[in-house]
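**Student:** The structure is given below, and queries will be raised subsequently.
None of the figures in this text is laboratory data; all of them are computed from the coordinates on show. Small disclaimer: the values here were computed from a predicted structure and weren't measured. Every residue, glycine as well, gets a Cβ built from its backbone with ideal geometry; the counts of neighbours run over all protein chains shown.
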Amino acid sequence: MAAHLPRVLQESGASLAAAVAASALVGPAQVGARVLEFWLMRHVHPIVSARIASLAHPVGAAGLIALGAPAASPFAVIHGAGNGVMTIASGALPLALFGAGGFGLRQGFLMAPARVVSASAPFVFDLLLARYGTASLTVTAGLGIAAFVVLMVLPVRKA
C-alpha cells in the first residue's frame, strides 16, 4: 500500500498535494498507534490488538470508497494506525501463543510466506489499481477482514 498510497488517494478524487499530505500522516499514525498500544493495551492479550489492527484498513477503506477525497486523511491515519499495531502484534502474538521456545525458527516459518506475498503485492495491487481504481481497496479490505475472521477463531489464552 505504501508504494501506491498517493495514487490511491488521487483515484479517490484528492489532488496531488492533498494525496501527498495525507500519505505523510501514515508514519506518525503508525508511531502514535504503537505508543497507544503500549500504553493502553499492554495488559491485553496480543490477539486482541491484532484483531483490532486487522480491521483498521477495512474500516478506513470503506470510508475512502464511500466518501472519496474528503476521507483521504482519515483513511491514511486509520490505515497507518492499524499497520503500526500489526507490526507489534506480528511479533508478540506468536510469542504469546507458542511461548519463547524455538521462537526464532517458528517466526521464520510464519513470516516466510508473508514476505513472498509482500514482495509481489506492489505489482499485483498496481494491476488492480489500474483496472479498478479506488474499488481495488475492496480486495485489500477483504484480506483484512479474512485476517480478522482467522484471528477470531484463535483462542485468547496463554501458552
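**Student:** For the range 1-48, which trypsin sites (Lys or Arg not before Pro) pass both filters: DSSP loop (anything but H, G, I, E, B) and at most 12 other C-beta atoms within 10 Å?
**Tutor:** Sites meeting the loop and neighbour criteria: Arg42.
**Student:** Sticking with this structure for a sec: Mind pulling the angle between the C-alpha long axis of helix 72-98 and the longest principal axis of the chain? Nearest 10 degrees, somewhere in 0 to 90.
**Tutor:** Value to nearest ten degrees: 20.
**Student:** For an R0 of 25 angstrom, estimate the FRET efficiency from the Cβ-Cβ distance between Phe123 and Ile145 and round to the nearest 0.05.
**Tutor:** 0.65
**Student:** Charges at C-beta only: +1 for Lys and Arg, -1 for Asp and Glu. How large is the resulting dipole of the chain about its Cα centre, in Debye rounded to 20?
**Tutor:** 440 debye
**Student:** With contacts defined as alpha carbon pairs under 8 Å and 6 or more residues apart, what's the relative contact order of the range 1-145 in percent?
**Tutor:** 34 percent
**Student:** Could I ask something else about it? Could you put Ser54, Ser120 in order, starting from the residue whose Cβ has the fewest other Cβ atoms within 10 Å?
**Tutor:** So the ranking, lowest neighbour count to highest, is Ser120, Ser54.
**Student:** Tilt of helix 26-41 relative to the longest C-alpha principal axis of the chain, in degrees (0 to 90, nearest 10)?
**Tutor:** Computed tilt is about 30 degrees.
**Student:** Given a Förster distance of 35 angstrom, what is the FRET efficiency for Ala3 paired with Arg157, based on the Cβ-Cβ distance and rounded to 0.05?
**Tutor:** Here the calculated transfer efficiency is 0.40.
**Student:** May I pose another question? List Met111, Met86 from most exposed to least, where exposure is judged by having the fewest other Cβ atoms within 10 Å.
**Tutor:** Listing Met111, Met86 from fewest to most nearby Cβ atoms yields Met111, Met86.
**Student:** Of Val150, Ala71, Ala22, which is farthest on the positive side of the dipole of the chain, counting Cα position, with +1 on Lys and Arg Cβ, -1 on Asp and Glu Cβ, and the Cα centre as origin?
**Tutor:** Of the listed residues, the answer is Val150.
**Student:** Additional query: Placing +1 on the Cβ of each Lys and Arg and -1 on the Cβ of each Asp and Glu in the chain, which of Leu127, Ala56, Gln10 has its Cα farthest towards the positive end of the resulting dipole?
**Tutor:** Positive-end residue among those listed: Ala56.
**Student:** Give the label of the value calculated from the structure for Cα Rg over 2.2 N^0.38 Å, choosing from (1) 1.92; (2) 0.94; (3) 1.08.
**Tutor:** Recomputing Cα Rg over 2.2 N^0.38 Å here gives the entry labelled (3).
**Student:** Right, another one. What number, rounded to the nearest 500 deg cm²/dmol, is the helix-based mean residue ellipticity at 222 nm of the chain, given -39500 (n - 2.57) per DSSP H run of at least four residues and division by all its residues?
**Tutor:** It lands at -27000 deg cm²/dmol.
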